[in-house]
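Chemist: Can you read through this structure? Questions will come right after.
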There are 2 protein chains.
Amino acid sequence: MDTPKHALTVDNVIFGFDDGELKVLIVKHGEGESRGRWGLPGDWLYPDETLEQAASRVLLDRTGVRDIFLEQLHAFSEPQRHPGERIITVAFFALVRSDAHALSVGKTELDARWVNVRETPELIFDHNTILTKALARLKHKVRHEPIGFNLLPEKFTLLELQRLYEAVLDISLDKPNFRRKMMKMNLLVSTDEKQSGVSYRAANLYRFDLRVYKELTEQGFVFEV
Amino acid sequence: MDTPKHALTVDNVIFGFDDGELKVLIVKHGEGESRGRWGLPGDWLYPDETLEQAASRVLLDRTGVRDIFLEQLHAFSEPQRHPGERIITVAFFALVRSDAHALSVGKTELDARWVNVRETPELIFDHNTILTKALARLKHKVRHEPIGFNLLPEKFTLLELQRLYEAVLDISLDKPNFRRKMMKMNLLVSTDEKQSGVSYRAANLYRFDLRVYKELTEQGFVFEV
DNA sequence: TCAAAAGTGTTAACTGTACACCCATGC
DNA sequence: GCATGGGTGTACAGTTAACACTTTTGA
């Protein structure tokens, strides 16, 4: 039996939220034909790891974070997507908290940078397509699952949460209604703390309560924007 | 540069709807260690085709249908998922109309059969996991996109549509309310025809209008259950 | 006339949306 | 006092959910 074999990589679309903007991490390649051009951080799949492990490894290498939201996006397999050798890539998308940014540049790379997700330069191969698909997925998921919290620090104000939704979905929302909607879900726990260092009335800080979410989900609760 | 290479297959979860039941197509393997056991229809990825082309090929081989709803589900890459050699598989899920069933058995298979999706035998490798994931995806998608129509014949009654939703979601629905909800979307076009051969009042037959759906979608319409 | 499903009507409860408003704080 | 955001109230429109009801048809 002949079993055709294929070169396989993983590429990560790593989203972050900072300054009220949704950002994505891109790296400048330092080797091969694509030297000097921007792309998504990725690597080969090693023989004894899962795709998820490879993606986690790339994420850890570049941002220093682990145990973060990471999910398979799609396998891209156009035979011509990569010049020269055929390479199939499995793309992942990851969400990191803005307070956990500690970028580091990979061995074969020249630079790494957070850029506004709607103002990216042209990327190598089909990476723009991958990014577009990841953004569409994020926009969809954020409405149906409480994954947005992965982009915020542990404690956050309701307006920060609203700004996150506005940045991800590229819309504007009504403050009183957004606030009520969120509060009614009982997923946010008020902390004793308040915002500090602001020149206006300090807002209450909230935490997202994963345990409550799981309980509610078991009872049939469905998260919707 | 060393590039580790990997054996890659596609496996299809092919859903059909018949007798008011949601079914899935499984095949009995005729070769190798898994001879005599049931699994999902799949094949190797060939060197010059995309994963989607490979999945379409498998679908065409087994059911004789082409141009059908087919979408990537997930890549499964546990190093131990397949005994012996490491094989990574990319799973797809497909929806076929019940009036298009013309099963044929692949060269290396002994049998092919539609089984109720909630009464499947034990499947080889991680195929039960794949099926579970496909079903979850179907349940989710059917609520947010009008893909359910891919499981019905060209013309159908409102009750058939309702029964489809009930089978997929494993719930029961209120007839008057379901009917109004669907009609209000303006996606169904009434045909001149009526059901025939039934011993009760014949229901009107409807078609799903893809063109209207696309127009509405551009105007911001969102399909929900 | 009965069974089965087609199809309509009505109501009360709940949600979404828009927007007016007051509160607290630092400069 | 003013700008900025925090936070509450309200009221109308629209939607959902439950279910009672009439109609049509073949056997």
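Chemist: Does A:V225 satisfy the criteria of being of a type in the set (A, V, I, L, M, F, W, C), modelled with pLDDT under 90, within 13 Å of DNA strand C (Cβ to nearest atom) and under 30 Å from A:I26 (Cα atoms)? Spell out the reasoning first.
Modeler: Working: of a type in the set (A, V, I, L, M, F, W, C): yes; modelled with pLDDT under 90: yes; within 13 Å of DNA strand C (Cβ to nearest atom): yes; under 30 Å from A:I26 (Cα atoms): yes.
When the stated conditions are applied, A:V225 passes them.
Chemist: Also: So B:N128 fits all but one of (1) surrounded by 18 or more Cβ atoms within 10 Å (Cβ to Cβ); (2) in a helix (DSSP H, G or I); what number is the exception?
Modeler: Every listed condition holds for B:N128 apart from (1).
Chemist: Right, something else. Quick one: which residue in A:L169, A:L173, A:L210 is away from DNA strand C (no atom under 11 Å from the Cβ) and surrounded by 13 or more Cβ atoms within 10 Å (Cβ to Cβ)?
Modeler: A:L169
Chemist: Shifting gears a bit: Please give the helices (runs of 4 or more DSSP H) falling wholly within the stretch B:141-225 in which 1 or more residues are away from DNA strand D (no atom under 14 Å from the Cβ) and polar (S, T, N, Q). Quick ask: steps written out before the conclusion?
Modeler: Details: elements: B:158-169, B:175-184, B:210-218.
Passing ranges, in order: B:210-218.
Chemist: Output the number of the condition that A:T132 fails; it satisfies all remaining conditions of (1) in contact (Cβ under 8 Å) with a residue 24 or more places away in the chain; (2) more than 14 Å from chain B (Cβ to nearest Cβ).
Modeler: Failed condition: (1).
Chemist: For residues in the stretch A:62-99 being in contact (Cβ under 8 Å) with a residue 24 or more places away in the chain and loosely packed, with under 13 Cβ neighbours inside 10 Å, which is nearest to the other protein chains (Cβ to nearest Cβ)?
Modeler: A:E85
Chemist: Can you pull out every residue in the stretch A:1-30 that is of a type in the set (D, E, K, R) and either free of Cβ contacts under 8 Å to residues at least 12 places away in the same chain or within 14 Å of chain B (Cβ to nearest Cβ) (or both)?
Modeler: A:D2, A:K5, A:D11, A:D19
Chemist: If you take the residues of the stretch B:31-57 that are within 14 Å of chain A (Cβ to nearest Cβ) and among the hydrophobic types (A, V, I, L, M, F, W, C), which of them is surrounded by the fewest Cβ atoms within 10 Å (Cβ to Cβ)?
Modeler: B:W44
Chemist: Say whether the condition of being more than 29 Å from A:L51 (Cα to Cα), away from DNA strand C (no atom under 16 Å from the Cβ) and surrounded by fewer than 14 Cβ atoms within 10 Å (Cβ to Cβ) is met by at least one residue in the stretch A:179-189.
Modeler: Scanning the stretch A:179-189 turns up at least one residue that is more than 29 Å from A:L51 (Cα to Cα), away from DNA strand C (no atom under 16 Å from the Cβ) and surrounded by fewer than 14 Cβ atoms within 10 Å (Cβ to Cβ).
Chemist: Is it the case that B:A136 is under 14 Å from the mean Cα position of the chain (by Cα) and under 29 Å from A:K5 (Cβ atoms)?
Modeler: No: the conditions fail for B:A136.
Chemist: A follow-up question, please. Does A:F125 satisfy being in contact (Cβ under 8 Å) with a residue 24 or more places away in the chain, more than 12 Å from chain B (Cβ to nearest Cβ) and more than 21 Å from A:D18 (Cβ to Cβ)?
Modeler: yes
Chemist: Here's another thing I want to ask about it. Can you pull out every residue in the stretch B:190-199 that is within 11 Å of DNA strand C (Cβ to nearest atom) and among the small types (G, A, S)?
Modeler: Of everything in the stretch B:190-199, those that are within 11 Å of DNA strand C (Cβ to nearest atom) and among the small types (G, A, S) turn out to be B:S190, B:S199.
The values are calculated or read from the model by the stated rules, or taken from the named source; none is laboratory data. As the structure is a prediction and not an experimental result, all values here were calculated from the model. Neighbour counts run over all protein chains shown; Cβ positions are idealised from the backbone, glycine included.
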